[in-house]
Amino acid sequence: LYPLIFLAGFVDSIAGGGGLISLPAYLFVGLPSHNALATNKLSSTIGTIFSTLRYAKGRAIIYLVALPSVVGSLIGSHIGARLTLVLSDNILKLVLAFLIPLAAVIVLLANPRKERTLAVKNISKTRVVVVSGVIGLTIGTYDGFFGPGTGTFLIILYVSLLSLDHVSASGTAKIVNLASNVGALLTFSAGGKVLYSIGL
């Protein structure tokens with residue numbers, strides 16, 4: 001697990017998608033699906049804390065976008081994780097077998113690096129807050145239920161819907177991804193699915 005989780009953290013800190021490496025790694029070593037998802041949330045949460053701090057230090061987070069997205073992602077990730085917990089292990093295995101390659105294809109084909117100018121200031125604050133909240137809720141639910149590609153999807157939506165430049169979109173996505181990781185982790189922890197000895 002060590003080299004694969006290291007690689008996942010490195011990829012995730014740059015542009016997201018590290019879960020496409022770490023989640024299959026946990027499944028590959030034999031963890032049941034629920035435990036793999038839950039334990040992956042623990043290690044990815046810790047990694048995302050450090051990358052979020054780096055982006056914050058570099059002033060790359062747009063808080064007008066981040067704050068409503070964080071609120072939405074906390075709610076959404078709890079909902080997504082609860083949905084995961086009600087599925088049987090056999091059904092969840094089938095779902096993961098479908099979602100992992102699908103997410104991989106989307107992430108590989110996605111092109112969030114469009115040349116944009118930072119145009120949030122030109123959009124009404126009400127629209128920014130509403131759109132940001134909806135993005136957070138939607139992607140947060142996805143992250144709580146599954147997760148891989150969350151950072152990339154957030155970047156794509158921030159660039160395309162709110163015209164953030166790529167660096168600001170990446171920084172903002174990090175703090176939102178951290179919130180969704182925490183929300184899902186708490187839900188999985190309450191459900192007794194996190195294997196702390198492996199995750200830590």
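Residues checked against (1) surrounded by fewer than 19 Cβ atoms within 10 Å (Cβ to Cβ); (2) small (G, A, S); (3) under 20 Å from the mean Cα position of the chain (by Cα); (4) modelled with pLDDT under 95:
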residue: V29; (1), (2), (3), (4): yes, no, no, yes
residue: A38; (1), (2), (3), (4): no, yes, yes, no
residue: S44; (1), (2), (3), (4): no, yes, yes, yes
residue: I49; (1), (2), (3), (4): yes, no, yes, yes
residue: Y55; (1), (2), (3), (4): no, no, yes, yes
residue: V70; (1), (2), (3), (4): no, no, yes, no
residue: A110; (1), (2), (3), (4): yes, yes, yes, yes
residue: R127; (1), (2), (3), (4): yes, no, no, yes
residue: S132; (1), (2), (3), (4): no, yes, yes, no
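Does L74 meet the test of being in contact (Cβ under 8 Å) with a residue 60 or more places away in the chain and more than 17 Å from A179 (Cβ to Cβ)?
Taking the combined requirement at face value, the residue does not satisfy it.
Name the residue that is modelled with the lowest pLDDT, counting only residues in region 112-125 that are of a type outside the set (K, R) and surrounded by 12 or more Cβ atoms within 10 Å (Cβ to Cβ).
For region 112-125, the residue satisfying everything is L118.
When the residues of region 19-39 are filtered to those that are assigned to a helix (DSSP H, G or I) and β-branched (V, I, T), which remaining residue is nearest to G151 (Cα to Cα)?
Step by step, filter region 19-39, then rank; the result is I21.
Among the residues of region 58-65, is there at least one that is within 20 Å of G149 (Cα to Cα), part of a helix (DSSP H, G or I), touching a residue at least 60 places away in the same chain (Cβ under 8 Å) and open to solvent by 40 Å² or more (accessible area, probe 1.4 Å)?
No; the residues of region 58-65 include none that is within 20 Å of G149 (Cα to Cα), part of a helix (DSSP H, G or I), touching a residue at least 60 places away in the same chain (Cβ under 8 Å) and open to solvent by 40 Å² or more (accessible area, probe 1.4 Å).
Search region 138-160 for residues that are under 25 Å from V86 (Cα atoms) and free of Cβ contacts under 8 Å to residues at least 40 places away in the same chain and pair each with any residue that is open to solvent by less than 10 Å² (accessible area, probe 1.4 Å) and not β-branched (V, I, T) when their beta-carbon atoms are under 7 Å apart and the residues are at least 6 apart or on different chains.
No pair meets every condition.
Would you confirm, using the coordinates I've provided, whether L23 is open to solvent by 40 Å² or more (accessible area, probe 1.4 Å), closer than 21 Å to T187 by Cα and either at pLDDT below 95 or touching a Gly at 6+ places or on another chain (Cβ under 7 Å) (or both)?
So L23 does not fit the description; no.
Which members of region 84-94 meet the condition of being open to solvent by less than 90 Å² (accessible area, probe 1.4 Å) and either assigned to a helix (DSSP H, G or I) or among the hydrophobic types (A, V, I, L, M, F, W, C) (or both)?
Correct list: T84, L85, L87, D89, I91, L92.
The values are calculated or read from the model by the stated rules, or taken from the named source; none is laboratory data. As the structure is a computational prediction, the values presented were derived from the model and not from experiment. Methodologically, a virtual Cβ is constructed for each residue, glycine included, from the backbone with ideal geometry; neighbour enumeration extends over all protein chains shown. Surface accessibility is based on the protein's heavy atoms, side chains included, excluding ligands, DNA and RNA. Shrake-Rupley method; radii C 1.70, N 1.55, O 1.52, S 1.80 Å.
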